[in-house]
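Note sheet for the following structure.
No lab work stands behind these numbers, since they all come straight from the coordinates. Here the structure is a predicted model, which means the values were calculated and not measured. Here Cβ is always computed from backbone atoms with ideal geometry, including for glycine, and neighbour counts include all displayed protein chains.
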Amino acid sequence: MSLSLPDISALLLRRGNAQYGDEAVSQLQHALQSATLAEQAEESPETIVAALLHDLGHLIVAERDGVDEPDNRRDELHQFVVLPFLRGTFPEAVLAPIRLHVDAKRFLCATEAGYEAGLSPASKASLALQGGAFSAEEAARFITQAHAAEAVRLRRYDDQAKVPGWQGPDLTHFEPYMARVTTTAMASQ
Ligand SMILES: [Fe+2]
C-alpha cells in the first residue's frame with residue numbers, strides 16, 4: 001500500500017490544484033510553501049519532507065472519494081489516513097510530525113496566548129471538529145512524545161503557508177529531499 005516517490009509526486013501534481021479547504025491557496029501551493037518555510041528555517045530533510053506531505057491525506061481522501069474538494073463539514077482524520085501510504089516509504093522522523101500536526105495545533109491553542117485568535121477562519125473551524133484546544137494535562141502529555149517539537153514547528157509553517165500568489169520553488173526542488181530520506185531503496189532510484 002506504500003506510495004513510491006513517483007506516486008507521491010504524481011498525486012501532488014494530479015490532485016494538488018484543488019483548493020486547500022477554505023484557504024486562498026491550492027493544496028500543492030500550500031505543501032510547497034510549508035516545505036519552503038521548513039527549509040528556510042534549516043530544518044532536517046525529514047522535517048522538510050514532513051512539511052511537504054503533511055496534508056497529503058486530504059489528497060488521498062479526494063482520490064478515494066472521487067471528489068475535487070474535501071468536505072469541510074467533517075474531520076477526515078487526514079493526519080492518520082495518510083500513514084499507511086507513507087509507512088513503507090519514510091522513517092518515523094517523517095511520519096510522526098505528520099501524524100501529530102493536528103494535535104500540535106490543539107497544543108498551541110492551549111499553551112500560547114493569542115495563537116488561536118491568529119488562526120485563519122478555516123483553521124478555527126477545523127479546530128472545533130478536531131476536538132478543540134487541549135487541556136493543560138493533555139498539552140503536557142502531548143509535548144513529551146517523540147517528534148512533538150518538530151510537529152509544533154511544522155504547525156507554524158503550516159499556519160503561514162497560505163499566501164495567495166506566492167512564488168517559490170516547485171516540486172522538483174523537494175524531490176531530492178524525499179529521495180534522501182526514503183527508507184525504500186527502489187523508490188529512490
Ligand atoms: Fe496544512
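Results, tabulated for the structure shown:
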| quantity | calculated |
| --- | --- |
| Dipole magnitude of the range 5-188 about its Cα centre (Cβ charges: Lys, Arg +1; Asp, Glu -1), debye to nearest 20 | 160 |
| Under the span-like rule (Cα at least 24 Å along the axis, Kyte-Doolittle mean at least -0.5), DSSP H helices of the chain | 92-111 |
| Tensor-based shape of the range 69-170 (alpha-carbon gyration tensor, a/c under 1.5 rounded, otherwise prolate or oblate) | rounded |
| Spin-label model distance (nm) - residue 173 vs residue 10, 7 Å beyond Cα toward Cβ | 2.6 |
| Linear extension gain, residue 2 paired with residue 65, 0.36 nm per residue minus alpha-carbon span | 20.8 nm |
| Fewest-first sequence of 147, 30 by Cβ atoms within 10 Å of each Cβ | 147, 30 |
| Shape of the range 87-140, Cα gyration tensor, a/c cut at 1.5 | prolate |
| Extended-chain gain in nm, criterion 0.36 nm per residue less alpha-carbon gap, residue 81 and residue 111 | 8.1 nm |
